[in-house]
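Inspection log for the structure reproduced underneath, given as structure tokens.
Bear in mind these aren't lab numbers, they're just calculated from the coordinates by the rules spelled out. From a predicted model like this one, the values you see are computed outputs, not experimental measurements. For neighbour counting, all protein chains shown are included, and Cβ atoms are generated from backbone atoms with ideal geometry for every residue, glycine included.
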Amino acid sequence: MALAIGIVITGITVVVFRQAAGVYSLANAKLDAMMGTRTALDIIEKDLQGAFLDPSGNLFLAAGPTTTPTATSPLLLYATPMAAYDTSVPPAVPAPGARIYYFLQGNSLVRYDFPGNTLPSGDFLDPAAFDAKALVYGVRTFTVQYYNPLLLPASPWTNQWVSNDATNFPGQYRRLPSAVRIVMETVDSRGYLLRSDQTPFRVSRIFEVGTQAPGQ
């Protein structure tokens with residue numbers, strides 16, 4: 001009788017321990033994925049808030065024709081460099097702006113910041129060749145859509161934005177989108193959320209565009 005009771009108690013203890021360990025692992029995985037995603041989205045938000053058109057009106061070219069930016073079709077914007085947000089030390093000269101590229105490289109979301117109004121030569125979207133930084137790893141989905149109120153009453157969200165083509169994109173010519181919607185799905189660094197019984201961490205956020213742009 002004592003042996004049977006001991007076996008039952010041991011079994012219950014093992015089950016409870018496994019359940020607790022599973023809850024702990026899931027919570028850690030979600031937190032890991034959430035922190036990386038939030039950091040990346042905060043950087044994207046600041047870049048979008050600093051986005052503006054140069055005098056020619058042709059330096060906000062968004063991802064297309066699909067909603068997922070890649071190295072050959074990146075999300076591109078002309079924006080105030082991140083350094084301009086550091087107000088601790090006034091800059092000696094006004095920030096000239098930068099071309100900023102976002103795209104998926106494997107399972108990484110990559111950000112490439114090229115200062116100035118010119119493009120580097122060569123394969124400028126190769127993170128190994130230039131100072132491109134992976135913002136977050138384990139990205140399963142990264143999609144971008146753009147808000148165009150001129151499309152109302154139909155759906156105002158469009159998958160492409162080209163501000164330098166008046167013929168094919170008259171409603172976008174020399175304009176910034178009112179907002180950008182980004183959907184990201186990420187997994188943790190240990191791959192726990194890749195298990196068949198788990199789902200990636202998913203977040204959808206809408207950002208205003210150009211609200212802090214000094215050149216707009």
* In order through the stretch 155-161: 3J(HN,Hα) via Karplus (6.51 cos²θ - 1.76 cosθ + 1.60), integer Hz, x for Gly, Pro -> 4, x, 8, 10, 8, 9, 9
* In nm, spacing of pseudo-spin labels at Arg205 and Ser189 (7 Å Cα→C-beta vector) -> 2.0 nm
* Structure fact -> Total charge of the residues flanking Asp188 in space, meaning their Cβ is under 14 Å from its Cβ, with Lys and Arg +1 and Asp and Glu -1, is +4
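How much length, in nm to one decimal, is gained on full extension between Met34 and Ala134, taken as 0.36 nm per residue of separation minus their Cα-Cα distance?
On the way: separation 100, 0.36 × 100 = 36.00 nm, distance 1.58 nm.
Contour length minus the Cα-Cα distance gives 34.4 nm.
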* **Net charge over other residues, Cβ less than 13 angstrom from the Cβ of Asp42 (K, R count +1; D, E count -1)** => +2
* To do: Can you figure out the FRET efficiency of Arg175 with Ala154, using R₀ = 25 Å and their beta-carbon distance, to the nearest 0.05?
  => 0.90
